[in-house]
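The values are calculated or read from the model by the stated rules, or taken from the named source; none is laboratory data. Remember, it's a predicted structure, so these values are computed and weren't measured experimentally. Reconstructed Cβ throughout: ideal geometry from the backbone, glycine too, with neighbour counts over all protein chains shown. Ligands, DNA and RNA are excluded from the accessible area calculation, which covers all protein heavy atoms including side chains. Shrake-Rupley method; radii C 1.70, N 1.55, O 1.52, S 1.80 Å.
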Amino acid sequence: MGIEQIYTEVLQEHLNSKRNKHPITNPTVRLNGVNPSCGDEIELELRMTDGVIEDAGYTGRGCAISQASTSIMIDLIKGKSVEEAVKLADTFFGMIKHEITDEEKLEILEDAIALKDISHMPARVKCAVLGWHTLKDGIATNPNNG
Amino acid sequence: MSNPFRKDFPILDSTFNNKPLVYLDNAATSQKPDSVIKAVEDYYRKQNANPYRGLYQLSVAATDAYEEARSITAEFINAKSSKEIIFTRNSTEALNLIAYSYGRSVLKAGDEIVIPISEHHSNILPWQQLVKEKGAVLSYLYLDKNGYLLEEDIENKITERTKIVSIAHVSNVLGTVYPIEKIIQKAHSVGAVVIVDTAQGIPHYPVDVKQWDVDFLVFSGHKMLAPMGIGVLYGKEELLDNMPPFLTGGEMIEYVYEQEATFAPLPNKFEAGTPNVGGAVGLAEAIRYINQVGYDTIQNIEEELRDHALKELSQIPDVVVYGETKAGRDRCGVISFNVEGVHPHDTSSILDADGIAIRAGHHCAQPLMNYMDVAATCRASFYFYNTIEDIDTFIHSLKKVRRWLGYGN
Ligand SMILES: Cc1ncc(COP(=O)(O)O)c(C=O)c1O
Ligand SMILES: [Zn+2]
């Protein structure tokens, strides 16, 4: 998939729907992620109960890739356990770094697979991983992540 | 219309995604003509040795090559003597040298340094550090919405308290050409010293330090056809003579004792360590090339490119251009813009898919970005080897950006 498809098919839906772009009620974790070189900024909110991510949302501004990648991530992690979310994040990093290429292993990433070719655009890797890094940091700082 | 100089730049034949490279990031660094590449290669093939240090013929050849480059540079900016030319790595190093050597030795608590809000970080951070150290004040000249310095700021902020005025010749974000002579007159009338950062100026406009009566001038070779890693600091001899060294070590000394040393005379006093002779040779060749093309020709080509680009950009709805939008004399071919609703990084990636290289981000000018209240911009910047076709390709691609991001047509 070339960059044209990444933009037209995958990101648009997330950018335009903005369905995950809002604060959530009673978040247990709120964390800022910034990408200084790009100026991308997100604030990620999670509500975690008994080791499960019940709800998640984000606000912020930045490029289409950082914003859409975060939105896709939120679709994926909602309702998952912390362990599952960490595994998703690590799989995502593995895909972007070209360390995991086995299609079957990538399947759990669902829509996020569309961002695979970002691995050929080193300048944009930071944008694609911003949300996921913020998620991992958020989980690590949460005292009751189960 | 074909551009007679394009063929001298081998990199311009590259392709990306099977599309010919359209290089519009000249404000970041220029491409290099064959003659410069060849001159550097020849130096390493035939003349390379450590200059000054060897007593054998090859070292003398390297010293001569280096000193010839210095004379050519002195002549290029009409310096009084080649002693006034200090080679540095780039503009950043030259500005730091001035701040830490000159600035640190003259500045006192309560003194002021004046710079425009549009400066590159390299002309902000050394002053921020210095005023903190000295309890001095860093004061800014602001811009009107077309990117010109506010007259009243020039009048009112350069005062008896001002010790240093440091200003870019041309803005690397807005392309504004600043009224250097006027600033210098005003600063000199209150006894301040003026530094002109012509990193974005000298690639396009001739500079004459005597005519300006400027105290210090800095520029980077790599933005004017020379290799990376060679830059220039010009300073009036009497100023440089009285300044303490910046870096110390080899090459800049006369005698060294256990606890004391005496320093070499100008220019070596400011050139500690083995210099970049290959870079200096490349710079000398770049100067020859620019002189051969001629600044008149460079300006004629660039004005046509700039006017065409501004006109085309003004016709795309949802594109905003920052700074002066009309073709005018006080604007160089550096154009910052944004596509409404689209982050500059996305615009840049989409153009990149068509082989077009532009810059996106804060352009090392965050205070200006804050002042203009934008997070980042795209920037297209031209040089005389660009063509009208380059601009048409760029405009054509730019028109697709919003559609790619799902904004109808
Ligand atoms: C106006 C201006 N000053 C200084 C610099 C710094 O140049 P260098 O990175 O070569 O030191 C730049 C480079 O972008 C510039 O545009
Ligand atoms: Zn980004």
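Just a few scattered comments:
- Label-point separation in nm, residue B:327 to residue B:256, each point 7 Å along Cα→Cβ: 5.8
- Solvent-accessible surface of segment B:153-233, taken per residue with a 1.4 Å probe and all protein chains present: 27 Å².
- Contact order, relative form, for chain B: 22 percent (alpha carbon pairs under 8 Å, 6 or more residues apart, mean separation divided by residue count).
- Segment residue B:68-residue B:241, length gained on full extension (0.36 nm per residue, minus Cα span): 60.1 nm
- Where GluC sites (Glu not before Pro) fall in DSSP loop in segment A:24-128, at most 16 other Cβ within 10 Å: A:99
- Positions from segment A:40-70 whose accessible area shrinks by 10 Å² or more when the full protein complex is built, not the chain alone, probe 1.4 Å: A:61, A:62, A:63, A:64
- Degrees separating the helix B:180-189 axis from the principal Cα axis of chain B, which is the longest one: 40
- Nearest-ten-degree value, helix B:125-134 long axis tilted from longest Cα axis of chain B: 50
- Test item: Cα-centred dipole of segment B:1-134, Lys/Arg +1 and Asp/Glu -1 on Cβ, debye: 200
- Each residue of segment A:130-136 was assigned a 3J(HN,Hα) from its phi angle through the Karplus expression (A = 6.51, B = -1.76, C = 1.60, θ = phi - 60°), giving 3, x, 5, 5, 5, 4, 5 Hz with x at Gly and Pro.
- Take chain B and mark each of the chymotrypsin sites (Phe, Trp or Tyr not before Pro) that is in a DSSP loop with at most 12 other Cβ atoms within 10 Å; the longest unmarked stretch, sites excluded, is B:57-256.
- Sites residue B:340 and residue B:291, calculated FRET efficiency, Cβ-Cβ separation with R0 45 Å, nearest 0.05: 0.55
- Magnitude of the charge dipole, the protein assembly as shown, Cβ model with Lys/Arg +1 and Asp/Glu -1, debye to 20: 320
- Heavy-atom surface analysis with a 1.4 Å probe gives segment A:3-141 a carbon and sulfur content of 49 percent of its accessible area.
- Within segment A:3-141: Cβ-based charge dipole about Cα centre, in debye rounded to nearest 20 (Lys, Arg +1; Asp, Glu -1): 520
- Residues of segment B:346-395 whose accessible area, computed with a 1.4 Å probe over protein heavy atoms, drops by at least 30 Å² once all protein chains are present relative to their chain alone are B:346, B:349, B:375.
- Amide H contacts under 5 Å for residue B:88, placed H, 5+ residues apart: B:231, B:232, B:233
- Peptide B:332-345 shows a mean partner chain C-beta count of 2 within 10 Å per residue C-beta.
- Accessible surface ranking that places the most exposed of B:228, B:369, A:121 first, with a 1.4 angstrom probe: B:228, A:121, B:369
- Excluding ligands, DNA and RNA, the accessible surface per residue across segment A:1-66 is 47 Å² with a 1.4 Å probe.
- Selection from B:180, B:87, B:5 lying farthest towards where the dipole of the protein assembly as shown points positive, charges on Cβ: B:180
- Sulfur and carbon atoms: percent of accessible area, chain B [1.4 Å]: 50
- Residues whose amide H lies under 5 Å from that of residue A:48, counting only those 5 or more places away or on a different chain, are A:28, A:29, A:54; hydrogens are built 1.01 Å from N in the peptide plane.
- Interface B-A: total buried accessible area of about 1200 Å², 1.4 Å probe, protein heavy atoms only.
- Pairwise FRET efficiency - residue A:4 versus residue B:316, Cβ, R0 = 22 Å, nearest 0.05: 0.70
- 3J(HN,Hα) along segment B:21-26, derived from phi through the Karplus expression 6.51 cos²θ - 1.76 cosθ + 1.60 where θ = phi - 60°, amounts to 4, 10, 8, 10, 10, 5 Hz, with x in place of Gly and Pro.
- DSSP loop trypsin sites (Lys or Arg not before Pro) with at most 13 other Cβ within 10 Å: longest gap in chain B: B:146-325
- Residue list for segment B:312-331, given a label point 7 angstrom along the Cα-to-Cβ vector of residue B:392 and an amide N cut-off under 15 Å: B:312-313
- Shown here are the Rg and Dmax of the Cα trace of the protein assembly as shown, at 26.6, 79 Å.
- DSSP bridge pairs, chain B: antiparallel proportion in percent, nearest 5: 60
- Chain A: relative contact order in percent, alpha carbon pairs under 8 Å with at least 6 residues between: 28
- Counting only alpha carbon atoms, the long axis of helix A:64-77 and the longest principal axis of chain A meet at about 50°.
- Label-point separation in nm, residue B:132 to residue B:300, each point 7 Å along Cα→Cβ: 5.1
- Shielding score for A:115-123, defined as the mean number of other chain Cβ atoms within 10 Å: 1
- 17 Å tail of the calculated P(r), segment A:3-141, as % of Cα pairs: 55
- Selected from B:343, A:74, B:249, residue furthest toward positive end of dipole (the protein assembly as shown; charges at beta carbon): B:249
- Solvent exposure ordering (accessible area, 1.4 Å, most first) of B:35, A:71: B:35, A:71
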